[in-house]
1. Out of the residues in segment 51-67 that are among the hydroxyl-bearing types (S, T, Y) and open to solvent by 60 Å² or more (accessible area, probe 1.4 Å), which is nearest to K175 (Cα to Cα)?
2. Test each condition in (1) without any contact (Cβ under 8 Å) to a residue 40 or more places away in the chain; (2) polar (S, T, N, Q); (3) assigned to a strand (DSSP E or B) for S91 and report the one that comes out false.
3. Sort out for me the strands (runs of 3 or more DSSP E) sitting completely within segment 18-67 that have 3 or more residues that are over 23 Å from L186 (Cβ atoms).
4. Any idea which of (1) open to solvent by 40 Å² or more (accessible area, probe 1.4 Å); (2) farther than 23 Å from K22 by Cβ; (3) touching a strand residue (DSSP E or B) at 6+ places or on another chain (Cβ under 7 Å) is the one N151 doesn't satisfy?
5. Within segment 71-88, can one find any residue that is more than 30 Å from I36 (Cβ to Cβ), touching a strand residue (DSSP E or B) at 6+ places or on another chain (Cβ under 6 Å), among the hydrophobic types (A, V, I, L, M, F, W, C) and surrounded by 15 or more Cβ atoms within 10 Å (Cβ to Cβ)?
6. Out of all the residues in segment 11-27, is one or more open to solvent by 70 Å² or more (accessible area, probe 1.4 Å), in contact with a strand residue (DSSP E or B) (Cβ under 8 Å, 6 or more places away or on another chain) and at pLDDT 90 or above?
7. If you go through segment 156-173 one residue at a time, do you hit one that is open to solvent by 80 Å² or more (accessible area, probe 1.4 Å) and aliphatic (A, V, I, L, M)?
Amino acid sequence: MKTKLYILPLLLMGVVCYSQDKISMKNGTSLDVKLIEIGTSNITYKELDNLDGPTHAIDKSEVFQISYSNGKTDVLGKYKTVDEAKDLIISKINEFGVDRDRSSLTLQASFEEDNIKINSVNAKGRIVNEGDVWDMAKVVAFHNISKRKDNVFYLNIVTYKIKNTEKELSKLVIKMTNYEAAESVLEAMKDLKIMLKKE
């Protein structure tokens, strides 16, 4: 009986020593860490495999979610559900998106499951250029918003274009006339990628 009592603390100590926190980034990567502090703008942590090493800091705006060793989770992303992120993306593209080649045409976005389709439409809402279908769950990179003259802003997203049953890595470019709307779409797309990856 005494032997069992000595083993129990050792087992519990092993569980405590190997408990870990997890930071899920908006770019799709995740880090297994020991959290030190969650501040107003930064999160400080130590790498799990180097607890005696340096303390690292990461910008909180790049973090989607923190999973704590006790099982609790904090979602830091602005959009909490897939539908909320998709609705924002559609509404902002439909309101502020314009065709890359013909500014007289506006954009009309819709989702087909995890894929977005963006058509160019005329003033009467008739489709003039049927857009491609893009996989939002497999985004490879989100580039910074590119500002051009005449208050035009471009979103550049590297992901897979779907044609028939084939997928081809390409760049989705969305032209918008409002910077804040472009920022909102980019943030929602980053959160959406993380949420789709978890499903």
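1. Checked segment 51-67; the qualifying residue nearest to K175 (Cα to Cα) is S61.
2. Evaluating S91 over (1) without any contact (Cβ under 8 Å) to a residue 40 or more places away in the chain; (2) polar (S, T, N, Q); (3) assigned to a strand (DSSP E or B) leaves (3) as the failure.
3. 30-38, 42-47
4. (3) is the only condition that N151 fails.
5. No; the residues of segment 71-88 include none that is more than 30 Å from I36 (Cβ to Cβ), touching a strand residue (DSSP E or B) at 6+ places or on another chain (Cβ under 6 Å), among the hydrophobic types (A, V, I, L, M, F, W, C) and surrounded by 15 or more Cβ atoms within 10 Å (Cβ to Cβ).
6. yes
7. Within segment 156-173, one or more residues are open to solvent by 80 Å² or more (accessible area, probe 1.4 Å) and aliphatic (A, V, I, L, M).
The values are calculated or read from the model by the stated rules, or taken from the named source; none is laboratory data. Keep in mind that what you see is a predicted model, and the values were worked out from it rather than measured. Backbone-built Cβ (ideal geometry, glycine too); neighbour counts: all protein chains shown. Keep in mind that these areas ignore ligands, DNA and RNA; they rest on the heavy atoms of the full protein, side chains included. Shrake-Rupley method; radii C 1.70, N 1.55, O 1.52, S 1.80 Å.
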